[in-house]
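Novice: Take a look at this one; I'll ask things after.
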């Protein structure tokens, strides 16, 4: 090997090692920047959580102070300390658990049946455009009707028991589920559907290979919406016929003019709905991480 070639090879090796060093530095800088970005997201979430807790505590403290000062009537609004004392008494004697378990069970039934049934009907409408055209005006009218106003009729038809309450919850959620899910299904990328059809894919294959996988996130959002819908149906049904449940507890408190019972029922209802919503959020995060 000549001296000139040796020098050229040495220079080339130096340049390659320098390029490798630069690329490694860039990667290190990118990783540090990405770590800072993730850290900023976590810090922002913590800040939001702290602000939410501070706001909640401030509302409760203001409520307690105004009630003690006589600015607001404790007969009409009660106060946090009395609600807490009542909550502890109901927890000690076990009555609260009976009401909570009854309402949660009814809500879960209404949520599952309403969501699954609505998605199945939406699949049928997607699979049969003619059927969707026939049923479209009926679904629009059903969606516009105040389902809570129909609850007494539904309970008379089905029965003044848990069946009537669950059916009320189903009716409130199922129409919204059908319309939302069907709208998601028909808005999947048409080019992808054409590509699958070009490979002789059947409707069943298109459904399970494209339509449903593309809408998992949307279906989870439907479940989130239906949590509130199902609770509305259950509470309305319990207002009318139940002897147990959070709705019954609220009605009983209003009938005997004990507003602390009413407010306790409202707080317990809010916590139950929030817990169910957070469970769905956790499932959604696990799904996104799995992907």
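Novice: At 7 Å along Cα-to-Cβ for each site, give me the label-to-label distance between residue 153 and residue 55 in nm.
Specialist: Here the modelled spin labels are 4.0 nm apart.
Novice: Match the structure shown to one of the listed values (1) 1.53; (2) 1.08; (3) 0.95 of Cα Rg over 2.2 N^0.38 Å, computed from it, and give that label.
Specialist: Working out Cα Rg over 2.2 N^0.38 Å from the coordinates points to (1).
Novice: Assuming R0 = 35 Å, can you tell me the calculated FRET efficiency for the pair residue 72 and residue 282, based on Cβ-Cβ distance, to the nearest 0.05?
Specialist: Computed FRET efficiency for residue 72 and residue 282 comes out at 0.40.
Novice: Right, another one. Can you show me the helix-derived [θ] at 222 nm for the chain, built from DSSP H runs with n ≥ 4 at -39,500 (n - 2.57) apiece and divided by the number of residues, rounded to the nearest 500.
Specialist: Rounded to the nearest 500, it is -29000 deg cm²/dmol.
Novice: Provide the gained length on full extension for the span residue 139 to residue 44, in nm with one decimal, where the gain is 0.36 nm per separating residue minus the Cα-Cα distance. Don't skip to the answer; put the middle values down first.
Specialist: Values: separation 95, 0.36 × 95 = 34.20 nm, distance 4.23 nm.
Using 0.36 nm per residue and subtracting the Cα-Cα distance, I get 30.0 nm.
Novice: Pull out the extension gain between residue 207 and residue 130, defined as 0.36 nm times the separation in residues minus the alpha carbon to alpha carbon distance; nm, one decimal.
Specialist: Result: 26.0 nm gained on full extension.
Novice: Using Cα springs under 10 Å in a Gaussian network model of the chain, which residue among 206, 46, 261 shows the largest mean-square fluctuation?
Specialist: 46
Novice: Between residue 31 and residue 290, what's the calculated FRET efficiency when r is the beta-carbon distance and R0 is 22 Å? Round to 0.05.
Specialist: 0.40
Novice: For the chain, what does the relative contact order come out to in percent, with C-alpha contacts under 8 Å and a separation of six or more?
Specialist: Averaging sequence separation for qualifying contacts and normalising by length gives 22 percent for the chain.
Novice: What distance in nm separates the two pseudo spin-label positions at residue 189 and residue 88, each 7 Å out from Cα along the beta-carbon direction?
Specialist: If labels sit at residue 189 and residue 88, their model points lie 5.9 nm apart.
Taken together, the values in this text are just the output of simple stated rules run on the coordinates, not laboratory data. What you see is a predicted model; the values in this text were computed from it and never measured. Ideal geometry is used to build each Cβ from the backbone, glycine not excepted, and the neighbour counts take in all protein chains shown.
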